[in-house]
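Student: Please read through the structure below; I'll follow up with questions.
What follows is calculated from the coordinates using simple rules that are stated; it is not laboratory data. Note that this is a predicted model, so its numbers are computed, not measured. Positions of Cβ are backbone-derived with ideal geometry, glycine not excepted, and every protein chain shown enters the neighbour counts.
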Amino acid sequence: MLGYLNHKIAILTGKLLLNNEDTKEMEVGKRLISIIAGAYLFQRGVRIITKSPVIALQEVLLGGFLLYNGATGINLFANRRPKEAADMRRNQIQGNEPGAIPAFV
């Protein structure tokens, strides 16, 4: 149970550290944290692959994503949801509200 909680806390911490803003480009500090956390999770997942294959697979995948993010500097976990109504309308037909049906349908 303690290992499971440790695993959840590590994933939550990694997400919070990397997703505090919506930029797609990562700064040098975040890249370093991503590489260190990714290497740790990746090696830990490889080490426990025989004991707990499901958790090990999750850790290997997350570690790989973090290593890739840190190496390339592109944040794949960046959340691109619009926050204002004006941003929501950019991808819609002008003149319609975000939840409305277009007038020509």
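Student: Between ILE11 and ILE74, what length in nm is gained on full extension when 0.36 nm per residue of separation is reduced by their alpha carbon distance?
Tutor: 20.8 nm is the gain from fully extending ILE11 to ILE74.
Student: So, by mean Cβ neighbours within 10 angstrom, what's the order for 25-36, 55-66 with the highest one leading?
Tutor: Result, highest mean first: 55-66, 25-36.
Student: ILE55 to ALA39: extension gain in nm, 0.36 nm per residue of separation minus the Cα-Cα distance?
Tutor: Taking 0.36 nm per residue and subtracting the Cα distance, the gain is 4.2 nm.
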